[in-house]
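The values are calculated or read from the model by the stated rules, or taken from the named source; none is laboratory data. Values in this document were obtained by computation on a predicted structure and should not be read as measured data. Note that each Cβ is placed from the backbone with ideal geometry, even for glycine, and that neighbours are counted across all protein chains shown.
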Amino acid sequence: MQALWVVPAVLALVDWYAVGRGDRRTETWAKPATLLALILVALVLGGTGTPAGLWLLVALVLGLVGDVSLLGRTESRFRLGLAAFLVGHLAYVVSFTRIGLDPAGWAWVAWPVLFGCLLATRHVVPATFLRGGQALALPVAAYTVVIGAMVILAFDTGEARIATGAAVFAVSDSILAVDRFVAPRPWAPVAVMVTYHVGQALIVAGVLAAT
């Protein structure tokens, strides 16, 4: 069954290569295909057998919706993707609580992780306000709060893969936010996708192992 992980891994590599080359045609199918493959892995490995697994699947499906939305370049597509991921993070929160919270001695690491992300993205909310007013800045601020809660609860599960995945996911979102609204970097698109896919895969593996 572990061989199933090869499929999303190969698709992720294809997507990273496409993003690095600016190959939009390949990215259009490889990006959603990667998350769809993760969903299938979760299904085959028993994701529907527990409440935590079911909420994991809800989060992944919402991530797929977000991925497709963010393939568009418009502000409306970005807001749709933001909304999908925001609700997806809430689904992760429910999944983690259904696993049961049993913080390990290293759970405090969540706080420096969040501090680092907040420090790196400190200019994002003001930048979104200048670009789109409260209609854009408030959802971005709300998203920041929700992903922060997701990271804290991920560490509080005591499952290292979930905690690491959530932290890497937060790094991905931080890079995306800074690149889109503050200071674009040529390396950012690839870094966003690498950290995003690694984060999602670690969360999936952690939740399935803990249930």
Query raised in the report: Hey, among the residues in the stretch 1-20 that are among the aromatic types (Phe, Trp, Tyr) and in contact (Cβ under 8 Å) with a residue 12 or more places away in the chain, which one's farthest from residue 44 (Cα to Cα)?
Result: 16
Report task. Test residue 127 against the criterion of being touching a Phe, Trp or Tyr at 6+ places or on another chain (Cβ under 6 Å) and within 13 Å of residue 148 (Cα to Cα), and give yes or no. Result -> no
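Return the only residue of 146, 204, 194 being surrounded by 22 or more Cβ atoms within 10 Å (Cβ to Cβ), closer than 30 Å to residue 50 by Cα and touching a helix residue (DSSP H, G or I) at 6+ places or on another chain (Cβ under 8 Å). Walk me through how you get there before you give the answer.
On the way: 146 fails: surrounded by 22 or more Cβ atoms within 10 Å (Cβ to Cβ); 194 fails: surrounded by 22 or more Cβ atoms within 10 Å (Cβ to Cβ).
From the options 146, 204, 194, the qualifying one is 204.
Residues that are touching a Leu at 6+ places or on another chain (Cβ under 6 Å) and under 15 Å from residue 200 (Cβ atoms): which helices (runs of 4 or more DSSP H) entirely in the stretch 1-75 hold 2 or more of them?
On the way: elements: 6-21, 24-44, 51-70.
It comes to 24-44, 51-70.
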Requested in this report: May I ask you to say which residue of 101, 119, 176 is surrounded by fewer than 16 Cβ atoms within 10 Å (Cβ to Cβ) and at pLDDT 95 or above?
Outcome: 119
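Please work out if residue 113 is in contact (Cβ under 8 Å) with a residue 12 or more places away in the chain, of a type in the set (Val, Ile, Thr) and within 23 Å of residue 67 (Cα to Cα).
Numbers: in contact (Cβ under 8 Å) with a residue 12 or more places away in the chain: yes; of a type in the set (Val, Ile, Thr): yes; within 23 Å of residue 67 (Cα to Cα): no.
Spelling it out, it is not the case that residue 113 is in contact (Cβ under 8 Å) with a residue 12 or more places away in the chain, of a type in the set (Val, Ile, Thr) and within 23 Å of residue 67 (Cα to Cα).
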Query raised in the report: On the given criteria, is residue 73 exposed (fewer than 14 other Cβ atoms within 10 Å of the Cβ), at pLDDT 95 or above and of a type outside the set (A, V, I, L, M, F, W, C)?
Result: no
